[in-house]
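Scroll down for the structure; my scribbles are underneath it.
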Amino acid sequence: MADQTYDLVVIGAGPGGYVCAIRAAQLGMKVACVEKRATLGGTCLNVGCIPSKALLQASEKFEEASHGLAAFGVKVGNVELDLKAMMAHKDKVVDANVKGVEFLFKKNKVAWVKGAARLAGGGQVAVKAADGSEQRLSARNIVIATGSEVSALPSIRIDERRIVSSTGALALAEVPKTMVVIGGGYIGLEMASVWQRLGAKVTVVEFLDRILPGMDGEVSKHMQRILGKQGLEFRLATKVLGAEPTDPGVALTIEAAAGGKKEQLLVDVVLVAVGRRAFADGLGLKETGVATDDRGRIVTDAHFATNVQGIYAIGDVIAGPMLAHKAEDEGVAVAEILAGQKPHVNYDAIPGVVYTWPEVATVGKTEEQLKQDGVDYRIGKFPFSANGRARAMNMTEGFVKILADRKTDRVLGVHIIGPNAGDLIAELALGMEFGASAEDIARTCHAHPTLNETVKEAALAVDGRPIHM
Ligand code: FAD
Ligand code: NAD
């Protein structure tokens, strides 16, 4: 017998699950959200987006105070790092965010059920609490939002001290003198930036011949140059054969991806950031018959339904980019579908942002994808070095690059490296949602002097008529 009956039981309280639970409650459903972690908010709020951005922001301040203020005529004395205080800032931000979700659950009358959930069949979810006790929830519908976990490398054992995942890299007790980051993707570049700014000599070892694979090739190349100037070292097309803890650091063995001479690097800390994998351990998918693909992701249809009646899945545990806002939008969509509405997630307009400095932001197709699809396109590019506001900010690195269909002028993709690129990309995502042409953006009045004028100028450049270049 079930202890409680709900319209909806959501498993996992990350950005996919908690947003889904709140939206369903707004729509009048009786909702429970089961979470095995002690706090709400999932990977994103506890050990992902939020703590990493808190450390990126704080380390940017340190970098600016150390090297960036004299040019503005601001003299500062000896700048010192207080890593404990910086970590306390991060913890405070995390705490405020996870408590914020708790508040929202109370406000929307979402029941937070603490424990690990398992599909028990027949519309039931079994929840095992930390003390071993078990309760059963009965649900008309179930949404699985169990997220993802760190992908490990078979030859490397993560101890979260010297050989760390992103979780350990967000909580190092001291600044390592030397650090190797395995993987030149989102986490690799963000965490390499944090520790490099705080004083570590950081080498990024990437298996492919470029960083940020999947992003526009020109952006990857340009960003590597910028980060190289900041002091990051890159070993591309290089594979890691193993990592052994030594006293006091780690001995890392690498060789060229194509094979060749082995090389050993001795460093204080190694960060493994080679991707994440869908997490559904202990859910009882096999027993319930919920289908997964060859990468362990739960298979869903366009309405987030699995092959089992009444069971849905969203977020990192299904296919698509592993991004918090993608999970959130799917959470809202599935709640609305369950309420009989007809929502839609547009996967062609999901922005991606790497919060390095300058930031990298992207939405839509890359040049490489357009070429592969045989689409004829025009490019409009405008550099931040020609933007008045960027000059005033002393932040002139990077550009806005707009790709538009040659015939229709419709915006197909936008790629930005530059100050606040993550904020600038929002107008482009909105434009793409509305099917904007480059001409539409070019004719929209942009306030002066703003960084957004770079977007307008890039849109003008699609038609070969930028004003300020
Ligand atoms: P998750 O956030 O992983 O949440 C799943 C939850 O389910 C977890 O709390 C887990 O404990 C719980 N759970 C799992 N199994 C069970 C079970 N059986 N019973 C009960 N509970 C269960 N994305 C961005 O968009 N922007 C960023 O800046 C960004 N930065 C990141 C930085 C780092 C270091 C990392 C690691 C990730 C980052 N991401 C970022 C990715 C983002 O965190 C994920 O895409 C997002 O959290 C996915 O949300 P989700 O709800 O699908 O899953
Ligand atoms: P990623 O997929 O972004 O990057 C992994 C990198 O590791 C790739 O460049 C890949 O080629 C490389 N790699 C894979 N195997 C390797 C090997 N054996 N040796 C060397 N390099 C190897 O993954 P991530 O950086 O671990 O982040 C995981 C996910 O979390 C991201 O895909 C992203 O969806 C999400 N995330 C997002 C943000 C953000 O939105 N700002 C920040 C952090 C994480």
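Say a paramagnetic label sat at a point 7 Å from the Cα of H67, along Cα to Cβ; which residues of segment 197-213 have their backbone N under 13 Å from it?
The answer is 197-202, whose backbone nitrogens lie closer than 13 Å to the label point.
Answer rounded, prolate or oblate for segment 242-344, using the Cα gyration tensor with square roots of eigenvalues a ≥ b ≥ c: rounded when a/c is under 1.5, else prolate when a/b is larger than b/c, else oblate.
Prolate shape, in that a/c is at least 1.5 and a/b is the bigger ratio.
Given N residues in segment 99-141, what is Rg(Cα) / (2.2 N^0.38 Å)?
1.32
So, R0 is 51 Å and r is the distance between the beta-carbons of V299 and D463; what FRET efficiency does that work out to, to 0.05?
FRET efficiency, V299 to D463: 0.70.
Which value, in nm² and rounded to one decimal, describes the direction-averaged projected area of the C-alpha convex hull of segment 98-245?
Mean projected area for segment 98-245: 13.4 nm², to one decimal.
Students often forget the sequence filter, so: which lysines lie under 20 Å Cα-Cα from K30 once same-chain residues fewer than 8 apart are removed?
Counting by Cα, and skipping residues close in sequence, K30 has these lysines nearby: K106, K107, K109, K114.
Specify whether the C-alpha gyration tensor of segment 162-286 places it in the rounded, prolate or oblate class, a ≥ b ≥ c being the square roots of the eigenvalues: rounded for a/c under 1.5, otherwise prolate if a/b is larger than b/c and oblate if not.
Rounded.
How large is log10 I(q)/I(0) at q = 0.19, 0.21, 0.22 Å⁻¹ when the Debye formula is applied to the Cα atoms of segment 350-462, each weighted equally and without solvent?
Each listed q maps to, in turn, -0.90, -1.09, -1.19.
In Å³ and rounded to a whole number, note down the convex hull volume per residue for the Cα atoms of segment 192-238.
63
Between rounded, prolate and oblate, where does segment 408-455 land on the alpha carbon gyration tensor, with a ≥ b ≥ c its root eigenvalues, rounded for a/c under 1.5, else prolate if a/b exceeds b/c?
It is oblate, given that a/c is not under 1.5 and a/b is not larger than b/c.
Hey, how much of the P(r) for segment 1-144 falls beyond 25 Å, as a percent of Cα pairs?
43
In whole Hz and in residue order, list the ³J(HN,Hα) couplings for segment 46-61 that follow from phi through the Karplus curve 6.51 cos²θ - 1.76 cosθ + 1.60, θ = phi - 60°; x for Gly and Pro.
So the Karplus estimates, Gly and Pro as x, are 8, 9, x, 3, 6, x, 5, 6, 5, 6, 5, 4, 5, 6, 5, 4 Hz.
Report, in listed order, any pair from K99/K456; K36/K61; K84/K229; K99/K365 with a Cα-Cα distance greater than 30 Å.
From the list (K99/K456; K36/K61; K84/K229; K99/K365), the Cα-Cα distance tops 30 Å for K99/K456; K36/K61; K99/K365.
For segment 98-149 and segment 37-85, write down the distance between their C-alpha centroids in whole Å.
34
For segment 300-366, what log10 I(q)/I(0) values come out of the Debye formula at q = 0.29 1/Å, with one point per alpha carbon and no solvent?
Normalising to I(0) and taking log10 leaves -1.36.
Order by neighbour count: E427, E233, fewest other Cβ atoms within 10 Å first, most last.
E233, E427
For the chain, compute the orientation-averaged projected area of the C-alpha convex hull (one quarter of its surface), in nm².
Result: 25.1 nm².
Please list the non-local residues whose amide H lies under 5 Å from the amide H of T178, H modeled 1.01 Å from N, same-chain partners needing a gap of 5 or more.
When sequence neighbours closer than 5 places are left aside, the close amide H contacts are K201, D268, V269.
In whole Hz, with x marking every Gly and Pro, tabulate ³J(HN,Hα) for segment 261-276 from phi via Karplus 6.51 cos²θ - 1.76 cosθ + 1.60, θ = phi - 60°.
Computed from phi, the couplings for segment 261-276 are 6, 6, 9, 10, 10, 9, 9, 6, 9, 10, 9, 9, 9, 9, x, 10 Hz.
Give me E35, E457, E328, E218 sorted ascending by neighbouring Cβ count inside 10 Å, so fewest comes first.
Exposure proxy ranking, most exposed first: E218, E328, E457, E35.
Can you sort C49, C20, C445, C33 so the residue with the fewest Cβ neighbours within 10 Å comes first?
Fewest-to-most Cβ neighbours within 10 Å comes out as C445, C49, C33, C20.
Show me the three semi-axes of the equivalent ellipsoid for segment 125-211, from the C-alpha gyration tensor (sqrt of 5 times each eigenvalue), largest first, rounded to whole Å.
Semi-axes from the Cα gyration tensor: 36, 17, 12 Å.
Between A171 and Q230, how many nm apart are label points set 7 Å from Cα along the C-beta direction?
Each label point lies 7 Å from its Cα, and together they span 2.5 nm.
Test of understanding: what is the full-extension gain from A96 to K261, defined as 0.36 nm times their sequence separation minus their Cα-Cα distance?
Length difference between fully extended and current span is 54.4 nm.
When only Cα pairs under 8 Å and 6 or more residues apart are kept, what is the percent relative contact order across the chain?
That works out to 14 percent.
Simple spin-label model, 7 Å along Cα-to-Cβ: R391 to K53 in nm?
Rounded to a tenth, the inter-label distance reads 3.2 nm.
All of the numbers you see were taken from the coordinates with simple rules; none came from a lab. Every value quoted in this text rests on a predicted model; they were computed, and no experiment measured them. No Cβ is skipped: glycine too gets one built from the backbone with ideal geometry, and neighbour counts run over all protein chains shown.
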